[in-house]
Every structure is written in structure tokens, then in C-alpha cells.
1. Give me the number: length gained by fully extending residue 71 to residue 146, i.e. 0.36 nm times residue separation minus the C-alpha to C-alpha distance, one decimal in nm.
2. Could you give the nm distance between label points at residue 182 and residue 83, where each point is 7 Å from its Cα heading toward the beta carbon?
3. Would you kindly calculate the translational diffusion coefficient of the range 11-96, applying Stokes-Einstein with the Kirkwood radius from alpha carbon pairs, for 10 °C and a viscosity of 1.306 mPa s, and quote it in µm² s⁻¹ without decimals?
4. With angles folded into 0 to 90 degrees, how steeply does helix 48-59 sit against the dominant principal axis of the chain? Use alpha carbons for both and round to 10.
5. Run the simple label-point estimate for residue 119 and residue 165 please: 7 Å along Cα→C-beta, distance reported in nm.
6. Need one number: % antiparallel among DSSP beta bridges in the chain, to the nearest 5.
7. Taking the Cβ of residue 24 as the center, what net charge do the other residues with Cβ under 11 Å away carry, scoring Lys and Arg +1 and Asp and Glu -1?
8. Specify which labelled value, from [x] 0.99; [y] 1.36; [z] 1.03, agrees with Cα Rg over 2.2 N^0.38 Å derived from the coordinates of the model shown.
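Values quoted throughout were computed directly from the atomic coordinates according to the rules given, and no laboratory measurement underlies them. Everything quoted here is computed from the prediction, not taken from an experiment. Neighbour counts are summed over all protein chains in view; Cβ atoms, including those assigned to glycine, are modelled from backbone coordinates with ideal geometry.
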Amino acid sequence: MKPVLSQVCVYCASSNQVDQKYFEAAQRLGDELASNGITLIYGGGSSGLMGKIADRVLSRGGKVIGIIPDFMKKVEWAHQGITELHIVGDMHARKKRFLDGTDALVALPGGCGTLEELLEAITLKRLGLFNKPIILLNTGGFYNPLLSMLKRCVDEKFMNADSADMWSVVSAPEEVIPAILNAPLWHENAIERASLK
């Protein structure tokens with residue numbers, strides 16, 4: 001059964017100093033979400049790729065829900081113009097809220113926070129605790145080193161051979177929604193297959 005797409009969580013960075021190609025990709029993904037009536041769930045920030053995708057979805061009449069820990073709001077990182085801003089107690093609660101009820105997860109290029117969130121989601125999927133599509137938007141080959149590392153984990157038997165079925169990789173924002181709709185279904189008994197014995 002293919003996923004229903006009403007809201008998509010996007011992991012992305014807050015840096016304003018990244019290459020323009022990453023901002024352009026974030027804007028184009030915002031166009032795709034808004035034109036398809038898909039609500040953006042994201043980290044609630046106003047700068048970097050976070051601010052860019054949120055502003056783009058809003059400018060196209062779309063809905064944006066931000067989830068931000070209280071300590072970040074206190075230092076004025078929060079976007080003040082989004083549809084809904086949810087304040088949570090800490091980073092753990094934020095990550096849980098990202099995944100609760102979302103129909104898919106998309107990772108744009110980012111730093112340690114984005115990578116940590118992405119790898120946690122992959123781990124949860126491996127354990128059967130999150131079974132929605134995970135899409136890596138591989139702008140400019142950004143994720144190639146990570147994909148090589150994950151392949152090495154499989155090759156050296158740290159992860160099962162089917163682990164690569166947990167995520168899909170696309171190079172253009174316009175490929176994200178088709179990739180979500182065509183993502184392989186994940187095992188209902190994933191927890192029973194998680195350990196290599």
C-alpha cells in the first residue's frame with residue numbers, strides 16, 4: 001500500500017554560509033511540497049535551509065509546522081511566521097515529535113544535527129519502530145561519503161544486506177515525492193531481522 005502524503009518531515013541545516021545550490025534545492029523542495037498540498041514538518045528555525053524551505057512553502061500558501069526545543073526559542077532561533085510552532089522540552093522530545101504522525105522523512109544536506117537525526121531514524125526503521133519512507137536529497141553528491149560508509153557497514157556484516165532498502169536517494173527536489181510514493185515497503189517484522197546472527 002503506497003503512503004498517503006499529507007505531511008512530510010524535512011531535516012535540514014540552520015547555517016547561512018552554505019553554497020547557494022543547497023538553498024536553491026531547499027526552495028525547489030518547498031515548491032514541490034506546497035504545490036502538492038503537503039504540510040512541512042521541520043525544526044522550526046528561521047535561518048539557513050530551515051528558514052529557506054519554510055519561507056518558500058509559506059509563500060506558496062502551504063502549511064508549515066515547526067518543532068523546536070525551549071532553549072533554542074530562548075535564543076531567538078525560532079521562525080515567527082510559520083503556521084504552527086510547537087515548543088518541546090529538549091532535543092529528544094523534538095526528534096520524537098518529528099516522526100510522530102509524519103508520512104515520510106526527507107533529509108537535506110546538513111551538519112551533525114541533521115546527520116544524527118537521520119541516522120537515528122534509520123536505526124529506528126531497522127528496529128521496526130519507524131516504517132515510513134526515508135529519502136536523502138543528495139544535492140551535489142553531498143551524501144555520497146555517508147552512503148559509502150553505510151555500504152561498508154553492510155559489506156563488513158555490521159548491517160543486514162537489505163538495510164539499503166530503508167532509504168532512497170535522489171539528486172533533485174522534483175524526485176522526492178515520486179521517491180516517497182515508490183519507496184519499498186519495510187518489513188512488518190523488522191525487529192526479528194535486525195540482528196546479524
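1. Using 0.36 nm per residue and subtracting the Cα-Cα distance, I get 24.0 nm.
2. It is 2.7 nm.
3. 125 µm²/s
4. That works out to roughly 70 degrees.
5. My value for the distance between the label points is 2.5 nm.
6. The answer is about 5 percent antiparallel.
7. Working: positive: 21, 28, 52, 56; negative: 19, 31.
Value of the local net charge: +2.
8. Correct label, based on the coordinates given: [x].
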